[in-house]
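J.: Got a structure here, written out as structure tokens. Questions coming.
The values are calculated or read from the model by the stated rules, or taken from the named source; none is laboratory data. Remember, predicted model here, so these are calculated numbers, not experimental data. Here the Cβ positions follow ideal geometry from the backbone for every residue, glycine too, while neighbour counts run over all protein chains shown. Keep in mind that these areas ignore ligands, DNA and RNA; they rest on the heavy atoms of the full protein, side chains included. Shrake-Rupley method; radii C 1.70, N 1.55, O 1.52, S 1.80 Å.
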Amino acid sequence: MENLSFDVFSNSCFGFLGPNGAGKTTLMKMIYGRCRRTVNADGMMDIFGYDPAGNELSIKYLCGVVPQEDNLDEELNVIQNLKLFARFYDVPAPEAIQRIEALLEFLELAEKRTSLIRELSGGMKRRLVIARALLNQPKLLILDEPTTGLDPQVRHLIWDKLRQLKNQGTTLLLTTHYMEEAFQLCDRLMIMHKGQNIMQGGPKELLKEHIESYVLELTDADASEEFLKRPLPSDIRKDSAGQTVRFYSNEIDSLKTVADNILTGQYYLRQSTLEDVFLKATGRMLNDRQ
Amino acid sequence: MTDNKSQRYPALYKRLFSVWYRHMRVYSQNIFSNAFPPFFEPLIFLAGIGLGLGNYIEPINGQPYIEFLAIGLLVTSSMWTAFFECTFGTFIRLEFHKVYDGMLAAPITANDLIIGEILWAGSKGFFFAFAVLATLSIVSLFPGAGLSIPLPNALAAPFIGFINALMFASLALLITSFVKTITHFNFFMTGLISPMFFFSGVVFPVDNLPKAIQPIAEMVPLTHSVRILRCICDETLSVNLLWDAGYIVVFTLVMSLLAIGRLKKRLIK
């Protein structure tokens, strides 16, 4: 990991995007002392005034962590899991009960308070892990792929809760593979690749600066061989990958003109998204970690 | 913008206690099935020896064989439980259930976690030795059982069990730090712990071993904790026991330091 530098403002959400193996999780783990960085004169980390190399406990006390994999105690039920975890923060029992009740309410798990972990759905487990991370009322919430594998209803519910937390003053750090999630939640983003910072900025800013506004996607390249040989207007950029050819332009009319010439009719004209920026930045080829 | 709140992370003893408490809480969730073995297992031995095998064995140094074995079992129960807890148990928490991922996100250091683990295994050793002692004492109340337990001296058993379990927990954690596949523990179970059960003065006195093998018995940990408990029960304390006590202290310290050093690398990359 090198050439990485970023600042996160309080009460904001900062997102890390990058293919598997880009170093997102490692970076998150460095923040709360689970991974060690090589300490040298050039490297510096400051989390609420602390460096994880020497103040691991202070940082952990201020942070809540939602790891990639759920790791709840299967032998215990929902409320027992939370009570047990509150002890790690030395929260006095009556206070812990109050916080647990509020968190179960907040994450809509109140009805499941006495359910065993194996009786919970994937989305409920995830919400419980989030509740657990919130037990000590963290100033910084670290979320490593919080909604991977969840259905859209649960995902939207979680987004909504995370936005509420941000509005209440919690700073969020997030990794995700869902560009939609990054777009919805993050105030600032960093796209990482092979441990390096590729680009950084607000989601809308990244869209504006790094990609044309519109995309025309042609999904059957072989059938349109003839058409693809023709020269293109200068305001259009072409990008081929497998059977898909994409034309990018800021002028929707230019793309419409091109589309009219696609005889097969197999095309899709749309606004460009963060996913286009991401793929442009990190390449379409798979690396050995994907 | 350092915040005062962060200075309030729990003190060391509270962190160790919370690790210990986590294990205790999960263990006691299924207390009946978990506590069944230490209470019941001694009965199998007693029945086997008392009803059958014992008739063929001469008393050892004037002590009926069943009593000789009973004292040994008080110590071995703590060995088995501590060794299981910190090999299979630790490995499952580490690799399969990812329990440590959760715990290390809380204000707990890897050192706290490992030391808490050893202390928990020690407590289990205390509990197991106590359970065996309770069963044996109850059986000894029946005149027909032919068993007498040297109370109150035998009350030392849970404490020796605690110390013995600390020793085996640190050894087990060091082994766990090397093991990549859970089945590899079989080498240590069958190759190390089972032989120790037979050749450390539990089943027969170490003095009866061939002279050439006796030094080997002196080298393994179980011999020393068994000897200390026997001497307490027989009231034959002597200065020689300082060797055993010294061995236990040094062994536990060295093993646990090595285990902490190695396991930490596995917990914090």
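J.: Out of segment A:214-252, which residues are of a type in the set (A, V, I, L, M, F, W, C) and free of Cβ contacts under 8 Å to residues at least 24 places away in the same chain?
T.: Within segment A:214-252, A:228, A:236 meet the criteria.
J.: What do you reckon, is residue B:106 within 14 Å of chain A (Cβ to nearest Cβ) and surrounded by fewer than 24 Cβ atoms within 10 Å (Cβ to Cβ)?
T.: Against the criterion (within 14 Å of chain A (Cβ to nearest Cβ) and surrounded by fewer than 24 Cβ atoms within 10 Å (Cβ to Cβ)), residue B:106 does not qualify.
J.: State all residues of segment A:166-190 that are outside any loop (DSSP other than H, G, I, E, B) and either among the aromatic types (Phe, Trp, Tyr) or surrounded by fewer than 20 Cβ atoms within 10 Å (Cβ to Cβ) (or both); if no residue qualifies, say none.
T.: Selection gives A:166, A:167, A:179, A:180, A:183, A:184, A:188.
Here is a yes/no grid of residues against (1) buried (at least 17 other Cβ atoms within 10 Å of the Cβ); (2) acidic (Asp, Glu); (3) touching a strand residue (DSSP E or B) at 6+ places or on another chain (Cβ under 6 Å); (4) over 18 Å from residue B:200 (Cα atoms):
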| site | (1), (2), (3), (4) |
| --- | --- |
| B:51 | no, no, no, yes |
| B:58 | no, yes, no, yes |
| B:62 | no, no, no, yes |
| B:68 | yes, no, yes, no |
| B:74 | yes, no, no, no |
| B:79 | yes, no, no, no |
| B:86 | yes, no, no, yes |
| B:89 | yes, no, no, yes |
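J.: Does at least one position in segment A:202-217 carry a residue that is touching a helix residue (DSSP H, G or I) at 6+ places or on another chain (Cβ under 8 Å), surrounded by fewer than 17 Cβ atoms within 10 Å (Cβ to Cβ) and more than 24 Å from residue A:47 (Cβ to Cβ)?
T.: Taking every residue of segment A:202-217 in turn, at least one turns out to be touching a helix residue (DSSP H, G or I) at 6+ places or on another chain (Cβ under 8 Å), surrounded by fewer than 17 Cβ atoms within 10 Å (Cβ to Cβ) and more than 24 Å from residue A:47 (Cβ to Cβ).
J.: Separate question: Of everything in segment A:16-32, what is in a loop (DSSP other than H, G, I, E, B) and away from chain B (no Cβ under 14 Å)? Give them in sequence order.
T.: Correct list: A:18, A:19, A:20, A:21, A:22.
J.: Take residues that are at pLDDT 95 or above, of a type in the set (A, V, I, L, M) and in contact with a Ser or Thr (Cβ under 6 Å, 6 or more places away or on another chain) and tell me which of the helices (runs of 4 or more DSSP H) falling wholly in segment B:48-164 contain 1 or more.
T.: B:65-84, B:110-140
J.: Please work out which residue is farthest from the chain's Cα centre (by Cα), limiting yourself to segment A:47-62 and to residues that are more than 10 Å from chain B (Cβ to nearest Cβ) and open to solvent by 50 Å² or more (accessible area, probe 1.4 Å).
T.: A:54
J.: For segment A:133-148, state whether one or more residues are open to solvent by 40 Å² or more (accessible area, probe 1.4 Å) and farther than 28 Å from residue A:91 by Cα.
T.: yes
J.: From A:13, A:35, grab the single residue that is facing another protein chain (nearest Cβ under 10 Å), more than 21 Å from residue A:104 (Cα to Cα) and surrounded by 13 or more Cβ atoms within 10 Å (Cβ to Cβ).
T.: Selected residue: A:35, the only one of A:13, A:35 that is facing another protein chain (nearest Cβ under 10 Å), more than 21 Å from residue A:104 (Cα to Cα) and surrounded by 13 or more Cβ atoms within 10 Å (Cβ to Cβ).
J.: Select from segment B:175-227 the residues that are open to solvent by 40 Å² or more (accessible area, probe 1.4 Å) and not in a helix (DSSP H, G or I) and write down the one among them that is nearest to residue B:63 (Cα to Cα).
T.: The selected residue is B:204.
J.: Regarding residue A:158, is this residue touching a residue at least 24 places away in the same chain (Cβ under 8 Å), surrounded by 15 or more Cβ atoms within 10 Å (Cβ to Cβ), among the aliphatic types (A, V, I, L, M) and not in a helix (DSSP H, G or I)?
T.: When the stated conditions are applied, residue A:158 does not pass them.
J.: In segment A:63-113, how many are open to solvent by 10 Å² or more (accessible area, probe 1.4 Å), more than 14 Å from every other protein chain (Cβ to nearest Cβ) and among the aliphatic types (A, V, I, L, M)?
T.: Of the residues in segment A:63-113, 4 are open to solvent by 10 Å² or more (accessible area, probe 1.4 Å), more than 14 Å from every other protein chain (Cβ to nearest Cβ) and among the aliphatic types (A, V, I, L, M).
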